[in-house]
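S.K.: Sending over a structure as structure tokens; questions will come in a sec.
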Amino acid sequence: MASNAAADPLFLVERDGPITTVTFNRPSKRNGLNSAVLIELERILGGVRDDRTTRALIITGAGTVFCAGAEPTAAKARGTSGDVSGGAGGPRTIGRIFDLLAHLDVMTVAAINGHAIGGGWSLALAADYCLAVPDAQFWVPEVDLGVPFRGLSSFALTHRMGPWLAKEAVILCRRFGAEELRQLGVINRVVEPDALMVEARAIAERYAAQPAKAANATKRDVNAVIYGPRHY
């Protein structure tokens, strides 16, 4: 007999004043990425972009993993397509999501509650500010799987780590711990798990309190160094 119970939402979205929090809500799947997840995330971020009352965005994960990247079934299907996120249309969709998240006229905070892998690390790289718990690890397994790691997330990683370490990360697929990335300047802070969302909220509130036009214009100038100039 088919169950009538509604499936849990892929994301939890909480709006509290000028701050919106988006939480990956598939802890049993390690918050992995597939087509449905990507489509829903793109829809949510589009809503944030169009919501003029949101001034800061927090993105985090339920459970003990931030985002494990492509789900195994999606990874098997992608072959050599260059998909870093899984599922039909993955390369185009993750590219649009990264571009959308990186260039929102909203200040974004990634609260990394656990491992950020592949496309999960890509999403963290798109944020304006990144906090992580001490045992979080970051790595990109794509080349190990025979898939190139390309696009704006590769640009962002290279800019933040420098070309030598970036090649070590994306070609040798080395794992990096949160404290090592903090020392390298790739993430902002390492925070104990019970304080992660408190600290993320405090940073988001600081961003939300800044004059919007000045903050957004400055963000665009900084982003232009990483991604090249854009016409708004």
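The values are calculated or read from the model by the stated rules, or taken from the named source; none is laboratory data. Small disclaimer: the values here were computed from a predicted structure and weren't measured. Note that we place each Cβ from the backbone using ideal geometry, even for glycine, and neighbour counts take in every protein chain shown.
S.K.: Can Glu180 be described as under 11 Å from Pro134 (Cα atoms) and at pLDDT 95 or above?
M.R.: Yes.
S.K.: Please work out which residue is surrounded by the fewest Cβ atoms within 10 Å (Cβ to Cβ), limiting yourself to segment 209-232 and to residues that are in contact (Cβ under 8 Å) with a residue 24 or more places away in the chain and assigned to a loop (DSSP other than H, G, I, E, B).
M.R.: Arg230
S.K.: Please work out if Arg175 is over 29 Å from Arg55 (Cβ atoms), out of contact with any helix residue (DSSP H, G or I) (no Cβ under 8 Å at 6 or more places or on another chain) and touching a residue at least 24 places away in the same chain (Cβ under 8 Å).
M.R.: yes
S.K.: Follow-up question, since we're still on this one. Considering only residues of segment 54-110 that are small (Gly, Ala, Ser), within 22 Å of Ala132 (Cα to Cα) and not in a strand (DSSP E or B), which is modelled with the lowest pLDDT?
M.R.: It comes out as Ser85.
S.K.: Quick check: anything in segment 101-112 of a type in the set (Ser, Thr, Tyr), out of contact with any His (no Cβ under 6 Å at 6 or more places or on another chain) and surrounded by fewer than 23 Cβ atoms within 10 Å (Cβ to Cβ)?
M.R.: Scanning segment 101-112 turns up no residue that is of a type in the set (Ser, Thr, Tyr), out of contact with any His (no Cβ under 6 Å at 6 or more places or on another chain) and surrounded by fewer than 23 Cβ atoms within 10 Å (Cβ to Cβ).
S.K.: Next question, about the same structure. From the list Asn25, Asn31, exactly one residue is at pLDDT 90 or above, surrounded by 22 or more Cβ atoms within 10 Å (Cβ to Cβ) and not aliphatic (A, V, I, L, M). Which is it?
M.R.: Just a single option satisfies the conditions, and that option is Asn31.
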